[in-house]
Amino acid sequence: MKELVILSGKGGTGKTSLTAAFAGLSSNMILCDADVDAADLHLIMSPETVETHDFIGGNEAVIDPDKCSGCGRCEEVCRFNAVSRHRSGSGFTVDPIDCEGCGVCVDLCPEQAVDFPRKTCGQWFVSHTRFGDMVHARLGIAEENSGRLVALVREEARKRMAADHVDLLLTDGPPGIGCPVIASIGQANAVLIVAEPTVSGIHDMERVAELTAHFKIPAMVCINKYDLNPGQARAIETIAGEKKLDLMGRIPFDPAFTQAMIQGKSIVETHKESPAGKAVTAIWNKVMQSRPMKTERLC
């Protein structure tokens, strides 16, 4: 079994569109949308949900008014300003948005008036799509622990790979280099970094490349909309060579991507013979023939 993770240093570079296109070109794969903070792969995949599970991601402080003596110790020790006094002047309450679930108020309340129940932070799903099964999730508004949720959906996808004898796990990763990204690349065979030809795009690509190098995950690069700034595209190629990142290809700016998304499809379904469609197909073939994707890693 093998896993390819599609990453970018920021949102909006085209990694979800590329993931959907790769799904249309693969014959035996499972999809995983690891961008749980802003999931959007379902907009193209139109999944039919067959399983729904709650994600229990942490704890939340709740003050019992019958036990609270109004001493104010909880407000004093809370570093996140989540505890405030009632307007009536008696007793305290916890703002669930500001509460970080650290538990300090629970430990230091002299009256033991603070409960600390587990809370539901989101949901994760198993769905059928026209290309294969898909494991995805939705984190609640202002909820935390997205890294844990990413790890959970990837683990569930792996289980289904083993049970169904699937060859490839295709993961649409989160943007940036934070905890969710780290959780999305562990044990993967390779990462494909989608870069765009701008100054910030180069910086974002370098950050992701440094992260994958730190965790010893082989990384490759493709340039999206390269023809909008050929000079910056050449700079990306130079930096990729210096960092020993294999360049998989260049995708031209093409309205066909937008036209495909409007139809809820991938570009290889609606415009496979367009310039961008041909470029994506060539990148897919090159990635699948690359050394990292021929090496057994995922277990």
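Rounding to the nearest 10 and keeping the result within 0 to 90°, find how far the Cα-based axis of helix 146-164 lies from the longest principal axis of the chain.
50
What's the longest uninterrupted piece of the chain once you rule out the trypsin sites (Lys or Arg not before Pro) that are loop residues per DSSP with at most 11 other Cβ within 10 Å?
By the stated rule (loop sites, at most 11 other Cβ atoms within 10 Å), 88-215.
Label-point separation (nm) for ASP95 and ALA142, each offset 7 Å from Cα along Cα-to-Cβ?
0.7
Each residue of the stretch 111-119 in turn: what ³J(HN,Hα) in whole Hz from Karplus with 6.51, -1.76, 1.60 and θ = phi - 60°, glycine and Pro shown as x?
Listing the rounded values in order: 9, 6, 9, 9, 7, 9, x, 5, 10 Hz.
Using the alpha-carbon atoms, what tilt in degrees (0 to 90, nearest 10) does helix 15-25 show relative to the longest principal axis of the chain?
50
Could you work out how far apart the two model spin labels at ASN28 and LYS159 are, taking each label as a point 7 Å from the Cα in the direction of the beta carbon, and quote it in nm?
2.3
Which whole-number percentage describes the relative contact order of the stretch 61-116, with Cα contacts under 8 Å and a sequence gap of 6 or more? Provide the component values of the computation, followed by the final result.
On the way: 90 pairs, mean separation 26.9, N = 56.
Relative contact order for the stretch 61-116 comes out at 48 percent.
What spacing in nm lies between the two simple spin-label points modelled at ASP54 and ILE262, each 7 Å away from Cα in the Cβ direction?
4.2
Okay, helix-only estimate at 222 nm for the chain: each DSSP H run of n ≥ 4 adds -39500 (n - 2.57), divide by all residues, round to 500 deg cm²/dmol; what do you get?
On the way: 11 runs with 105 residues, N = 299.
Using -39500 (n - 2.57) per qualifying helix, the result is -10000 deg cm²/dmol.
Run the numbers for LYS243 and LYS67: contour at 0.36 nm per residue of separation, minus the present Cα-Cα distance, in nm.
Result for the pair: 57.3 nm of gain on full extension.
Rounding to the nearest 10 and keeping the result within 0 to 90°, find how far the Cα-based axis of helix 199-214 lies from the longest principal axis of the chain.
Helix 199-214 sits roughly 80 degrees off the main axis of the chain.
Write down the Å³ per residue value for the convex hull defined by the alpha carbon atoms of the stretch 129-257.
Hull volume normalised by residue count: 140 Å³.
Do you know the relative contact order of the stretch 1-118, to the nearest whole percent, from alpha carbon pairs under 8 angstrom that are 6+ apart? Walk me through the numbers on the way to the answer.
Values: 121 pairs, mean separation 29.0, N = 118.
It comes to 25 percent, rounded to a whole number.
Binned at 5 Å from 0, what are the whole-percent values of the Cα-Cα distance distribution for the chain, short to long?
Final binned percentages: 1, 5, 11, 14, 15, 13, 10, 7, 6, 6, 5, 3, 2, 0, 0.
For the stretch 61-116, what is the Kirkwood estimate of the hydrodynamic radius, computed as the reciprocal of the mean inverse distance between distinct Cα atoms, to one decimal in Å?
10.9
Each residue of the stretch 99-104 in turn: what ³J(HN,Hα) in whole Hz from Karplus with 6.51, -1.76, 1.60 and θ = phi - 60°, glycine and Pro shown as x?
Running phi through 6.51 cos²θ - 1.76 cosθ + 1.60 with θ = phi - 60° gives 5, 8, x, 6, x, 4 Hz.
Quick note: the coordinates plus some simple rules give every number you see, no bench work behind them. Because the structure is a prediction, the values reported are computed rather than measured. Cβ: placed from backbone, ideal geometry, glycine included. Neighbour counts: every protein chain shown.
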